[in-house]
2 protein chains.
Amino acid sequence: VKQYSTDVLIVGAGPVGLSAVFSLGQIGLRSIVVDALDAIGGQCTALYPEKPIYDIPARMQIAGAALIEELAQQAAPYNPVYLLSRRAIDLTEQNGSFSVAMSDGSVVTCGCIVIAAGVGAFGPNRPPLANIEQFEGRSVHYFVRSAEQFRNKRIVIAGGGDSAADWAVILAEVATSVTLVHRRRAFRAAEATQKKLEELELAGKLIIAAPQSMQSLESENGLLSAVVVKSDDGAQTRISCDALLCFFGLAKDLSALMKWGIGASRNGIPVDYATMQTSRRGIFAIGDVVSYAGKLKLILTGFSEGAVAAHAARAHLFPDRQFHFEYSTTRGRPGIEKVA
Amino acid sequence: VKQYSTDVLIVGAGPVGLSAVFSLGQIGLRSIVVDALDAIGGQCTALYPEKPIYDIPARMQIAGAALIEELAQQAAPYNPVYLLSRRAIDLTEQNGSFSVAMSDGSVVTCGCIVIAAGVGAFGPNRPPLANIEQFEGRSVHYFVRSAEQFRNKRIVIAGGGDSAADWAVILAEVATSVTLVHRRRAFRAAEATQKKLEELELAGKLIIAAPQSMQSLESENGLLSAVVVKSDDGAQTRISCDALLCFFGLAKDLSALMKWGIGASRNGIPVDYATMQTSRRGIFAIGDVVSYAGKLKLILTGFSEGAVAAHAARAHLFPDRQFHFEYSTTRGRPGIEKVA
């Protein structure tokens, strides 16, 4: 069993979890971050890497992936350990210290826990197609790391939201062909993206197969060769392709946390706004997963909650010490000890 | 009497006040911002324009002035009106609407007020030197807008904190001479800046006159010609110069707000954390000026409080309407109406 030890375990590597690494590091606390996805960034990476966010303070606009990159850089001087592709499952407490067992069997021992689990996303929703598992990671994808991997490929994109629409627009420029499969011709996407889809369709750079739904996958020599789709009237069409990208959102699950004795429910985790502490001492929660009077589900609110939780975590870990509040401008560059 | 009318009057044009313009604009509210200083940015502009801030989320580091520029750009699509060089003084309320009279006689009528007054700074501290007023704005300065205005000038800088030290380092490269006057040889400045001061002194690019205190100013033809300083043993020295920069901090004053019936005291303004509303309905407060359990005096906390106050202000202004929470990624580019 792989064992880890740290001051604070952060559950969730989304933007709010990453900012908590920084807030904790600034006041001298080390952290380990666990996430079910195989990359940091949560929904920003998985659902809208290219989509501009307009309400990060002092950023006119920043795409989800770029935001994550900046936050990770800012956290880096504090040497966080990222434990990806695994979920925090079992919690035990002994002598004021917590042990959390992960879905892969590894165990993290820590003095505090900060839960930044967002909506509790733990993986992509998989469409109900026979044998789809056998193509995953090779020709069936739920995330796109870079557009380049699809250059000169024939692509089918399935889904009707932001991610499907955004990636269709981006990949239309690099792929040999892009077919966008959706139940309706309308997409839940930004106005500009919808318009761009129509332009690309008119220019022959994109096929919108709608209303259509996926029926089955075909393969040759173990590789995906085609996606079979069906229209409302039952007519089937075979779309030859090299890769299928499915964007049906993230599966949501907070069930493991509901067993932690912290009051977690489908509505989130209640916290004391002054400390972000849950009903269980030493366990804090921040970001979209929490509930308190006046809670706004904004990334910038999660940043602030992370700072509050960090200070409260330090007070929990060192109950007998007095701390002097210091501004970052006084303390100097992160990660470098201040010389008195 | 100049009259203005708006949804929300923001008192204070520091980083938190500027971010409130954006948060209010995003949910359809117009704002006017009043500030005692002659430029937006509060302490970021006045005290540490060049100093890096490390704890703005998703910014490895950003100087005070650059932060203000970004926040102002982000607010600009909502067309805020900035009323500078004047203070909010008298408050009256009639039929659920507020009127605030400014120190220059102008009056703003509004439905809500958001106070982002920071420490209540209203101007630079002036050293007790005879006739200093007559040189102000020409050869005696309390802020530096750009280093260029001092190129090839002989400069005296007075003060012992960040601003004095930072500007001494910067101006040593452009001015003919820089003399830094302080009561002690030690400066309340970042380690790196202290070290740089010593290097510049060794290289002959800077004179540190310490321990010394300013005694008087001399002039020729109405222009500043020298600063006379005195050491602890009473010995006087005459330093010829073209300009004197004084950095003795900002004078702090919340006295006008203390008459507004909002519970303001020297310790700040108590608010309900869920709405940022003060004890008086329709008047909100955010940023360093507020107090509530768990309050952290961080800029990022003020950003979050601004979003909370904005939503509460809207609920106050439109008590009968229901609002749907919308993410910036869905709403699209700020300032442009969303097409349904």
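Quick notes on this one:
- Test: residue in the range A:116-123 that is within 14 Å of chain B (Cβ to nearest Cβ) and open to solvent by less than 20 Å² (accessible area, probe 1.4 Å): yes
- For the range A:219-250, a residue qualifies if it is surrounded by fewer than 20 Cβ atoms within 10 Å (Cβ to Cβ), among the hydrophobic types (A, V, I, L, M, F, W, C) and more than 22 Å from the chain's Cα centre (by Cα), and the qualifying residues are A:Leu223, A:Ala226, A:Val228, A:Ala235.
- A:Tyr292 of a type outside the set (Asp, Glu), within 23 Å of B:Ser291 (Cβ to Cβ) and open to solvent by 50 Å² or more (accessible area, probe 1.4 Å): no
- Hits in the range B:286-322 (condition: in contact (Cβ under 8 Å) with a residue 12 or more places away in the chain, away from chain A (no Cβ under 12 Å) and farther than 18 Å from B:Gly17 by Cβ): B:His316, B:Leu317
- A:Asp253 satisfies every condition listed in (1) among the acidic types (Asp, Glu); (2) more than 14 Å from every other protein chain (Cβ to nearest Cβ); (3) over 20 Å from the mean Cα position of the chain (by Cα) except (3).
- When the range B:65-112 is filtered for residues that are under 14 Å from B:Trp260 (Cβ atoms) and either free of Cβ contacts under 8 Å to residues at least 40 places away in the same chain or charged (D, E, K, R) (or both), the ones remaining, listed by number, are B:Arg87, B:Asp90, B:Thr92, B:Glu93, B:Ser99, B:Ala101.
- Taken together, the criteria place A:Ile68 among residues that are within 20 Å of A:Ile40 (Cα to Cα) and either within 14 Å of chain B (Cβ to nearest Cβ) or open to solvent by less than 20 Å² (accessible area, probe 1.4 Å) (or both).
- Those residues of the range A:220-247 which are touching a helix residue (DSSP H, G or I) at 6+ places or on another chain (Cβ under 9 Å) and at pLDDT below 95, in sequence order: A:Gly222, A:Leu223, A:Phe247
- Selection count, the range B:251-279, where residues are closer than 23 Å to B:Ser19 by Cβ and open to solvent by 50 Å² or more (accessible area, probe 1.4 Å): 4
- All positions within the range B:183-218 that are assigned to a strand (DSSP E or B) and farther than 15 Å from B:Ser240 by Cα: B:Gln212, B:Ser213
- Among the residues of the range A:30-61, the ones that are open to solvent by 10 Å² or more (accessible area, probe 1.4 Å), outside any loop (DSSP other than H, G, I, E, B) and facing another protein chain (nearest Cβ under 9 Å) come to 1 in all.
- On the stretch given as the range A:10-28, residues that are under 16 Å from A:Val308 (Cα atoms) and touching a Cys at 6+ places or on another chain (Cβ under 8 Å) total 1.
- Of all residues in the range B:154-182, exactly one satisfies the criterion of being part of a loop (DSSP other than H, G, I, E, B), open to solvent by 30 Å² or more (accessible area, probe 1.4 Å) and at pLDDT 95 or above, namely B:Thr176.
- Filtered residues of the range B:1-28 (kept if part of a loop (DSSP other than H, G, I, E, B) and buried (at least 24 other Cβ atoms within 10 Å of the Cβ)): B:Gly12, B:Ala13, B:Gly14
- The single residue among A:Ser139, A:Ser103, A:Ser99 that is open to solvent by less than 10 Å² (accessible area, probe 1.4 Å) and in contact with a strand residue (DSSP E or B) (Cβ under 8 Å, 6 or more places away or on another chain) turns out to be A:Ser139.
- Scanning the range B:220-254 for residues that are in contact with a strand residue (DSSP E or B) (Cβ under 9 Å, 6 or more places away or on another chain) and at positive phi yields one hit, B:Gly249.
The values are calculated or read from the model by the stated rules, or taken from the named source; none is laboratory data. Please read these numbers as outputs of a predicted model, since none were measured by experiment. Using ideal geometry, Cβ is built from the backbone for each residue, glycine included, and neighbour counts are taken over all protein chains shown. Surface areas here come from the heavy atoms of the whole protein model, side chains and all, with no ligands, DNA or RNA. Shrake-Rupley method; radii C 1.70, N 1.55, O 1.52, S 1.80 Å.
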